[in-house]
1. What number, in nm² with one decimal, is the all-direction average of the projected area of the convex hull of the alpha-carbon atoms of the range A:68-112?
2. How big is D for the range B:388-540, in µm² s⁻¹ as a whole number, if Stokes-Einstein is applied with the Kirkwood radius of its Cα pairs at 10 °C and 1.306 mPa s?
3. Place a point 7 Å from the Cα of residue B:1098 along the Cα-to-Cβ direction; which residues of the range B:1110-1144 have their backbone N under 17 Å from it?
4. Would you mind computing the Rg to Rh ratio of the range B:1037-1089 from its alpha-carbon coordinates, Kirkwood style for Rh?
5. In the range B:466-543, how does Rg compare with the Kirkwood Rh, expressed as the Rg/Rh ratio over alpha carbon atoms?
6. Taking Cα centroids, how far is the range B:498-537 from the range B:577-610 in Å?
7. At q = 0.14, 0.16, 0.20, 0.21 Å⁻¹, what log₁₀ I(q)/I(0) does a Debye calculation on the Cα points of the range B:338-379 give, no solvent, two decimals?
8. With bins 5 Å wide starting at 0, give me the P(r) of the range B:63-109 over every alpha carbon pair, in whole percents.
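Just so you know, all these numbers are worked out from the coordinates, no wet-lab data involved. The shown structure was predicted, so the numbers you read here are calculated from the model rather than taken from an experiment. Cβ coordinates were reconstructed from backbone atoms using ideal geometry, including for glycine residues, and neighbour counts include every protein chain displayed.
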């Protein structure tokens, strides 16, 4: 029960974020507090189960241990964040929404498949938006600019290969 | 690619192609036409033809978990093979790493890839690095030891000219970084605060925030730079700096009051839309920034009228500007309301905030309603009327289908409880408790119910019954202090002798009927409470035969789910009750059963039961029943055992060491066989708890001598453990609880309930709703009972804090005379099991080590750094020391041309090239001559005295020899030595011996290491009197490498194995191998063996294990392995800093060759 007592004494920091599908498959998980692998697994199992069992019209917040879970479903994906009890649940809900907007803008109408096949990109975007559990940059433009700059580098480096590949493929 | 999409399993088919953020509320089944996946714009980016794509597709085609497992295991084997292949390029590695991340995220361990993730971050090009860093941040948590290997990479990237690399390094640093390594990168991160690019500045600020969280002391000096970040022209950087300020202000609001106006100005600008439009979110300007600022303002304005006045205007504006139209504005409003209620109150703002809360609570949107309730809970203590306004909504929420709404409502009710509505509210809380599935809620709510019951209970019956429910529902999960304080309350009494008697009687009555029912369903903690109360008070019920109670208790013993802790409670209760023929018979029978129990505590209890049931006179003395007894003198210092102790000491027994000291020594000398301690420690704990069953703090209260007694008595062997001597005086203390309680009971009770409260309680009785068929009326009635007492005449005033309502069951304050012993020894009846004692000890140890830890670790780092510097600066000198040292080991003292070994502190006449006095060595005592000695070096000289020294390495000790040549007639020469690293003890003649003039006197000291350091130093002072009697002194110091204290340690490989696991301090490093013709590992180990006296335990293939000890008996183990042309060395020891020092010497030994 006292697992949070070992956490750093931060003020209202997000504890973790999980993305999972309606089938309960974890698609993304980001932990902002140090937890053992076993704890992580137990927490995600518990939460996925609890949230999937909830009805659509129910509150987007729920109490879990001494934390508040804020979740929202977008199409087939559930986005779920754990915040401290005193935190503002509504703003967390909007953090989730802003993240979805960022994904949407980056992938161009994002869908679960984008996140499955390009999960590393989804992590990069998340890291650019939330750092260490705190909102780092709330300007959509700035986040995407940072990601695109890094991507640009990637494309330049990969360009020769993809050309070759295309030749080989066609 | 299209094919892959079509073959996608059902799990994906519900996925609409529309923008995810837009389809939130849309019914998915209404969009089947969108399932043709080819048209998706995102598809172009999918790398589904890649290996990762194949893997993902492969997995989704599987039908069973078992198949998935097989597939992933195959995949992992293939990944493992490829990552460890030298031919794998970094580009391939990146791809492999993504797959490894995928496997891990499915829950399969791929720990073999962690090190490769670090390698990828280290060696890859920018984009490969990005994946490497990502993998590291996903795989490792901040305590993982591999993170140390990332430090260099981060250092390099922070210095990179490529901005993206710098960004990546800062990102990873803000997520996880080994605390001890912060100083290494701190200057570089600080530097980034002035970087021209705002993204870099922003990330640097967040990295520093992270450092502040994990190691606040290390960033203390950059507070000024935080201010600069706050004034940054880029809003992103400024926003990032607010994280730090929120934290700083929370810790010390007074330190930042001067910034109040600045924060208000920033908020004004934000609210006024002065920020770039990019920061808008759904046309609300920078909401995250606003919320952060409101939080900061509420901290600054709390209890500070001046600061609050600065912010009234902007708060008013915020409340007005935020129109009710979107979640984000609600989020800001909520923060605003909290701020208004936190700072110094202003009535019109409060009014607006209250209206705002009302809108929330009344909203049809469930999320908003929840937040409204939360806000209401927050403000209701200051403004109970607000709850009154919304009473019908609150009643509705109490029956809400969503548990979280119910939960928050219960919390709200808890805050408005008073003596008038307590019964209804507690009822609602218990109702919720029964449906709540969650342990955390149970623990929390049982605590709150118990608190309310104790505070406001209208009568005895209600109190006991409520507590019964708390115990039954709370079970063994609830906080242990609930039963503890309940029993304390019962025994200390509260409201006059008669009232106390009634309460106890009622408890007894209630428990007897519970035991007659189905006691098997009751939780253990409750059974313990019941046993204690019955043992203590069942005699109050005259019609109840003790034998009846005994039989009821006996039933508990027979139930198989009864824990042995409960059993010992039951046996104790029986001991108090066994009176009269029938009872004694039961008692005898029970004690027969348990007297041979394997559980020592139970056996002890059974013994007591057996003896005391036979000897009613002794029982009456040991367990007196009448409450009027004089407070008992308890000799907590156990001075009656002093005689025994001194006898034992005289007979050669070891003096007592308090447990924490023993623990420390245990930790220090783990190498010794500790078998006996392992056994005796629990016994000693058990004996303590048998003897007094009370809070373990008593152990530390009791004086050293008294502690001696108990310890010695058990050290003396099992026979002395039978506590005979102890019991005589401790007999009562065995039930000290009672004696203390009795102290309390004899005191004159003070009337605690004011008449008005009494009346209130009575009226709430009449208010208790009676079931009616009409639900609306029902609700209204409930409302009137719930919100009773919240009207204007309520004792709580509108603005101020509520008056502390006197507890109904208020504890008595004890008489001054007995208070110290009473508070010191007030037992916590449930927390005295041996394990608790252990826990407490453990805690103490932890506590004491915490404050020192950071300083120790940081000093190690600086130590290492400075050593690095000295190594380069005085390289030759050190090497010299090393050489001289190895000379000694070979018993081959050679005159050296340099005094590298010695740092002679004031050495006025010293000439480095002066040849040493050859005749001094002839003064070396004969027994030392057979061992080699280091060169004899001058320490200090003046006209009359000449001091020189050397050290001699014996097998089991190190002897430090000082030669004093007295060339004139000075007298009363005294020598004093001290050292922060070393323990100095005198071997030869006492230092007071006069040095006769014109002769050489030799002093010998034995040195052992107290605290390892790379070089250890002895400082000293020689004082003497000149012929004319003027006192003079000379100071000197002598430095020697730690290696002089190292001796080989002979252990077997098995012993090595167990020791290895026990040791907690370690260090790792790669060292250069020596290859001069010989096989490199052998050659290197030989050098280490020769120069450092390490003992080789075993060499297998490319690995070797070595062991040594630092004089005396401080082992250190080394494991080394040849890897990639280097020797990977891992040192472990129970002694802090020893591995670090030793690795330094290993390095030097190998370089010096």
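1. Value for the range A:68-112: 2.9 nm².
2. Working: Rh = 16.3 Å.
For these conditions, the coefficient is 98 µm²/s.
3. B:1117-1122
4. Numbers: Rg = 15.0 Å, Rh = 14.3 Å.
That ratio equals 1.05.
5. Rg divided by Rh gives 0.96.
6. Between the Cα centre of the range B:498-537 and that of the range B:577-610, the gap is 21 Å.
7. -0.29, -0.38, -0.56, -0.60
8. Per 5 Å bin, starting at zero, the Cα-Cα P(r) for the range B:63-109 comes out as 5, 22, 29, 22, 13, 6, 3, 0 percent.
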